[in-house]
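The values are calculated or read from the model by the stated rules, or taken from the named source; none is laboratory data. Being a predicted model, the structure only gives us computed values, none of them experimental. A quick note on method: Cβ atoms are made from the backbone with ideal geometry, for glycine too, and the neighbour counts reach across all protein chains shown. Ligands, DNA and RNA are stripped out before the accessible areas are found, and what is left, the full protein with its side chains, is counted by its heavy atoms. Shrake-Rupley method; radii C 1.70, N 1.55, O 1.52, S 1.80 Å.
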Amino acid sequence: MGTNRRRYRANIRQLILILVALALMGLGVRYILNEYHESQLVHLHFKSPDGRTTPRFGLEIARNASERTKGLMFRKELPESGGMFFAFPKQEEHSFWMKNTYISLDLIFINSELKVVGVLADVPVLNEEQRKVSAPSLYVVELAAGSAKKHGIVPGSLVVVEGQVPRGA
């Protein structure tokens, strides 16, 4: 009987160790996935001409034609500090549509010197009308509608990017 009881206790200890190891592995995988997601974001804030600084935004990056075409299509929600950063290979007048886009957005057009050259506020959703500003841009940022007004993002505002500015392909 004593031997069976020792085996039982040893098996319970092994089971507990296995469960602890699985829990730690799960936390590790979650941490790695979170780090990967963060590495796919560009973090930035805007500085208005009057010196006001916005909160920090963590934006998904659209670097190539396929990613830029899809943008924020089919999304139903957007965190207040989230959005999308479109990086183009060439500075020119870029146009956007809201096909299959369910979230109302502000579009902020930015030139190669990281200066805002135009803002389109509260662009209507589910719409194929081409929208642009009459100034060349290299980047466009999409934020939740009302963000530009709320944070004083206007033409002339500067973009302050943490780390390297994403390049378009």
Note on segment 54-86: residues among the small types (Gly, Ala, Ser) and under 17 Å from ALA145 (Cα atoms) are GLY58, GLY71, SER81, GLY82, GLY83
Restricting segment 110-120 to residues that are more than 13 Å from MET98 (Cα to Cα) and either in a strand (DSSP E or B) or among the β-branched types (Val, Ile, Thr) (or both), the one most open to solvent (accessible area, probe 1.4 Å) turns out to be LYS115
Which residues, taken from segment 125-169, are of a type in the set (A, V, I, L, M) and assigned to a loop (DSSP other than H, G, I, E, B)?
-> VAL125, LEU126, VAL133, ALA135, ALA145, ILE153, VAL154, VAL165, ALA169
All positions within segment 136-158 that are under 18 Å from GLU92 (Cα atoms) and surrounded by 14 or more Cβ atoms within 10 Å (Cβ to Cβ) = PRO136, SER137, LEU138, TYR139, VAL140, VAL141, GLU142, PRO155
Can you name the condition, by its number, that THR69 falls short on among (1) closer than 23 Å to ARG52 by Cα; (2) open to solvent by 60 Å² or more (accessible area, probe 1.4 Å); (3) over 15 Å from the mean Cα position of the chain (by Cα)?
-> (1)
